1. Give me the strands (runs of 3 or more DSSP E) completely within the stretch 1-89, filtered to those with at least 2 residues that are of a type in the set (K, R) and in contact with an Asp or Glu (Cβ under 8 Å, 6 or more places away or on another chain), ordered by residue number.
2. So I99 passes all but one of these: (1) closer than 21 Å to T122 by Cβ; (2) part of a loop (DSSP other than H, G, I, E, B); (3) not basic (K, R). Which condition number does it fail?
3. Return the residues of the stretch 1-53 that are without any contact (Cβ under 8 Å) to a residue 60 or more places away in the chain, loosely packed, with under 13 Cβ neighbours inside 10 Å, over 14 Å from the mean Cα position of the chain (by Cα) and within 22 Å of A66 (Cβ to Cβ); say none if nothing qualifies.
Amino acid sequence: MTPAETGKMGENAVSEYLKSSGYQILDRNFRIRGGEIDIIASHGEELCFVEVKTRKLTSWESGSEAVDSRKQKLLIRAAYRYMEKKNLSEEDWYIRYDIAEVTTLHDKVMEINYQENAFDETDFFDND
C-alpha cells in the first residue's frame, strides 16, 4: 500500500468509528492553502475537527507527536475557514480539535486511539 492509501484507510476507519459512536460526518478532506482537515463531524452541539494520523505498528513516532504546534495552528486556521465557508457561527457550536491515531499491521487497522480535545486554541494565546 502507498502512504496515501494507508492514510485513506485510516480516515475511512475513523469515519466509521465516529458514525458508530453517534457522530455525523459533515465533510472530509477540507483543504485550504497550507492546510487540510481530515474529518469534520458534529456530535450534538460540538463541531469536531479531526486530524487522523495512521501509523504502522512498528512506527517510532505516535500520531499525536506528529501534530506539533505548527500543525495545530494550521488546523485551527483551516477550521475557521471552513466555518466561514459554511456560514457556521462560533456562538452556535462548541469547537473541538481531536486527534485520531490509527495503528495498522499488514494493511489492516489494528487500533484506533481517539483523543477528544487533543489541543485547544487557547494554547496559542499569551497569558500576559
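1. Working: elements: 24-32, 35-43, 46-56.
Passing ranges, in order: 46-56.
2. Here I99 clears every test but (2).
3. T2, P3, A4, E5, R33, G34
No lab work stands behind these numbers, since they all come straight from the coordinates. Just so it is clear, the model here is predicted, and its values are computed rather than measured. A quick note on method: Cβ atoms are made from the backbone with ideal geometry, for glycine too, and the neighbour counts reach across all protein chains shown.
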